[in-house]
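Before any comments, here is the structure.
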Amino acid sequence: MNRVLGFILFLSASPFINAQEQLDSVFFRNGNTYAVNVIRSNNESIEYMYPNETVINETYKTQLLRIKYRSGRIEECSELLKIKRITNFSDWENVVVTYLADDTKGLEKVSEISYVSGWGGAWAAGMGYNKAIQGLQKKAAKLGCGLILIHGSPNMTNTKFGAGTRVNASAYKIPDAYENDAKHDSSPALISSGMKLAMEDSVHYTPDKDTVNNPYVKTVIDKMAIIKRVIRKDDFTAVEISIKRGKRQWCNINEDTYIEADGIRYTMTCADGIATAPEKTYFPYTEDSVTFTLFFPPIPKSAASMHLIESTYSDFRFYGIQLR
């Protein structure tokens, strides 16, 4: 009687023992593994359903390391495009440079970036372009991005005192959108919480409640510089500045420039429209000023004011920038 009961219990338990083996395993670049039912796979993406669900999910293979099908076959996806998760500025050489928009599928766009190299003109355009690409890689690394999409060909800007090479790009990273927020009944797989909101597509924002136009500044050391607006978002703080030529021939910004709010410093993550020292942005023939945007990490919404400081030795200092 005991043997019969034991056999019945074994048969009833067998489906649960094998249930996990009858699912496909999807390994994401962010370290998560999901047990799912893969229903369609092509060169670019897969479609799948979580156990006990009927919703069809789609994921680009650029987000995946590999897929282990229930048959035992393993499909490696990491060779499609070797994009690394950048966690340190020193990893800037690992930032992938691409000119193909398809390479960004499944990645999270973080920011539009640009770099102006001091090299340019007929004799040094190639050198300037390569320097600009390296500058973009460094900017992307600061943002934690592993890929930059170059926009078109370089724009040569001849100036009175020389020439420069400007290159524009979009910075992308591997999404961290798959958070450990829930579990499926018969699987260690986790529910995707959806993509995080990306940064605005450009630095030309539409004024809203998060934008302070022409903020009052208590003390400005460089009287030729004006803060045009401050944009405060959940993902970043941006400061748009216009600086007049005056007696200067060129301008640039130190990469250690920071803002300070409520006693906490936030170091600049990237700059758009101005070169990072020691590179230089020259004033063009027809313009008496240069307008650029500096990006920083987000500051508390409760902050009523902040300072912007390049260094204690620089005239580029703004104290008491009012945010309300």
Legend entry - Accessible area per residue, Å², the range 256-324 with all protein chains present, probe 1.4 Å: 45 Å²
Legend entry - Whole-angstrom gap from the range 48-100 to the range 252-324, using each part's C-alpha centre: 36 Å
Legend entry - Estimated inter-spin distance, residue 315 and residue 228, nm [label 7 Å along Cα→Cβ]: 2.1 nm
Legend entry - residue 247-residue 74 pseudo-label distance in nm [points 7 Å out on the Cα-to-Cβ vector]: 6.8 nm
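Between their Cα atoms, which of 131/301; 218/280; 105/244; 228/280; 84/209 are more than 32 Å away from each other? Show your work: numbers first, answer last.
Values: 131/301 37 Å; 218/280 29 Å; 105/244 41 Å; 228/280 22 Å; 84/209 36 Å.
Pairs exceeding the cut-off: 131/301; 105/244; 84/209.
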Inset, instruction - State the extension gain, in nm to one decimal, for the chain segment bounded by residue 302 and residue 97, taking 0.36 nm per residue of separation less the distance between their alpha-carbons. - result: 70.0 nm
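The values are calculated or read from the model by the stated rules, or taken from the named source; none is laboratory data. Keep in mind that what you see is a predicted model, and the values were worked out from it rather than measured. Cβ coordinates were reconstructed from backbone atoms using ideal geometry, including for glycine residues, and neighbour counts include every protein chain displayed. The protein model used for the area step is the full one, side chains on, heavy atoms only, and it has no ligands, DNA or RNA in it. Shrake-Rupley method; radii C 1.70, N 1.55, O 1.52, S 1.80 Å.
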